[in-house]
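One structure below.
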Amino acid sequence: MNLEKSAAAFELAKKFMPGGVNSPVRSYSNVDCNPPFISHAKGSKIFDIDGNAYIDFVGSWGPMILGHANEKVVAALKKAVERGTSYGAPTELETKLAQLVQKFYPAMEVMRMVNSGTESTMSALRVARGFTRREKIVKFIGCYHGHSDSLLVNAGSGAATFGEPSSPGVTVGTAKDTIALPYNDIDAVEKIFAECGEQIAAVIVEPVAGNMGLVLPEEKFLQTLRNVTKKFGALLIFDEVMSGFRINVQKKFQITPDLICLGKIIGGGLPCAAYGGKAEIMRNVSPDGKIYQAGTLSGNPLAMTAGIETLQILIDTPNFTENLTAKTAKLLDGIKKVASVPIQTPQAGSMFSIFFSDKKVTNYDESAAANQLQFKKWFIAMLRQGIYLAPSQFETLFLSAAHTDEDFEKTVDAAKNAFKELD
Ligand code: KE4
């Protein structure tokens, strides 16, 4: 596979941007090889500037559930762009998207559009702190909620309940209000609430965790979070930036959070995210209330247009989620059949990941204990055969409506060859 043009483009990009990228994971630093520079994408395929074609299971990290350059989305955007790209003023498009979101998430009685998942979770935390007048928050190790300071925090050392900054630039003062616990650890949750439940403003959780590879909630984990937050007057925030619109988490687990954060698919590939929940909580957000949050490009007409078209297709396509879930299971069955080493293949709707481990992965430590070397070799062997996967064991893969049986056959064949390279 020739990647010369990408290599040259990468060297030039490094002169202008940290690591030559605008988001770290794209640098392929986890897999010691250069990233392909992309020229375009269509359906389930993505194409680099060296002319290589790949079957894409990254899907821009989740947004491209319809596949790339969906005809209806593109046609709507072409019309919208002729009407201007940003007004900084209210439009009916925002209300239309909010109405469509509510069809999926009726618990979002009132919502606010923002431009990224980071903004969505950062704002939801501010609302929780403003509404409860409390300062501490609980997150889970291995969950990623964007890069706002309060959420770039690791577990405190030893018995310390307060967190430690996970990035330079995050102050100790900020980190001390974040408590980071192991995912799926019910005892740890109950213990911390018994210790300082009255000080906790919110628990934020990925109800289906996609940032340590795909890790599913164990029995009673989410229900415990709902019970303790209700008991101590804290809010429960579901970060569905990644899982949103792929799995109906509330229906699957029968749990309604107080606030929900959405991103990725809501904007159909354009910058858009949202947070929202109970009206009594959200009516405290400016200008209705005193909790401030704003954004120049929030509700941008192009992002609204792409989001509206995308969600409308999800609504109008019979059994969309069920069919995509079944297709995902079929692909994973194929990969499992050709695996020559122990692997775990967790799936949630059209989200999936592959751990090189002989044990089920239920938290970050178990994900980190998987065989990274085997992952790296397998990843490179798959890339060389035109299969575009996430360059990190700690990411999740996504299927789109554009993936075909032919894509699956090619992917399983490539996987069989890639497993041979591990022998
Ligand atoms: P953004 O700020 O990147 O739009 O969203 C942050 C975010 C929030 N919550 C969850 C559950 C997320 O998965 C994300 C972002 N996901 C990563 C993928 N692991 C985006 C890829 C990247 O950082 O480049």
Would you tally the residues in the stretch 212-239 being acidic (Asp, Glu) and in contact with a Cys (Cβ under 7 Å, 6 or more places away or on another chain)? 1
Matching option when the condition is open to solvent by 10 Å² or more (accessible area, probe 1.4 Å) and in contact with a strand residue (DSSP E or B) (Cβ under 7 Å, 6 or more places away or on another chain), among 360, 376: 360
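Residue 117 - would you say it is within 11 Å of the ligand (Cβ to nearest atom) and either in contact with a Lys or Arg (Cβ under 8 Å, 6 or more places away or on another chain) or of a type in the set (Asp, Glu) (or both)?
yes
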Yes or no: the stretch 272-279 includes at least one residue that is open to solvent by 20 Å² or more (accessible area, probe 1.4 Å), over 30 Å from residue 191 (Cβ atoms) and in contact with a helix residue (DSSP H, G or I) (Cβ under 6 Å, 6 or more places away or on another chain). no
What about residue 138, is it more than 13 Å from the ligand (Cβ to nearest atom) and surrounded by fewer than 17 Cβ atoms within 10 Å (Cβ to Cβ)? no
Need the failing condition index for residue 180 against (1) small (Gly, Ala, Ser); (2) over 23 Å from the mean Cα position of the chain (by Cα); (3) open to solvent by less than 40 Å² (accessible area, probe 1.4 Å), just the number. (2)
Can you give me the number of residues within the stretch 225-249 that are closer than 21 Å to residue 127 by Cα and open to solvent by 30 Å² or more (accessible area, probe 1.4 Å)? 5
Give me the residue from the stretch 280-315 that is assigned to a helix (DSSP H, G or I) and under 18 Å from residue 126 (Cβ atoms) and, out of that set, most open to solvent (accessible area, probe 1.4 Å). 280
For the stretch 99-135: of the residues being of a type in the set (Gly, Ala, Ser) and under 20 Å from residue 292 (Cβ atoms), which is most open to solvent (accessible area, probe 1.4 Å)? 116
Apart from one, (1) in contact with a helix residue (DSSP H, G or I) (Cβ under 9 Å, 6 or more places away or on another chain); (2) surrounded by fewer than 24 Cβ atoms within 10 Å (Cβ to Cβ) all hold for residue 318; the odd one out is (1)
Name the residue, out of 228, 285, that is at pLDDT 95 or above and either within 27 Å of residue 363 (Cα to Cα) or within 20 Å of the chain's Cα centre (by Cα) (or both). 228
Please go through the stretch 15-24 and pick out each residue that is within 12 Å of the ligand (Cβ to nearest atom) and surrounded by 18 or more Cβ atoms within 10 Å (Cβ to Cβ). none
I'm trying to understand the selection: among the residues of the stretch 31-74, which are touching a residue at least 60 places away in the same chain (Cβ under 8 Å) and open to solvent by 60 Å² or more (accessible area, probe 1.4 Å)? 32, 60, 72
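The values are calculated or read from the model by the stated rules, or taken from the named source; none is laboratory data. These numbers were taken from a predicted model, which means no experiment stands behind them. Ideal geometry is used to build each Cβ from the backbone, glycine not excepted, and the neighbour counts take in all protein chains shown. Accessible surface is based on the protein model in full, side chains and every heavy atom, while ligands, DNA and RNA are left aside. Shrake-Rupley method; radii C 1.70, N 1.55, O 1.52, S 1.80 Å.
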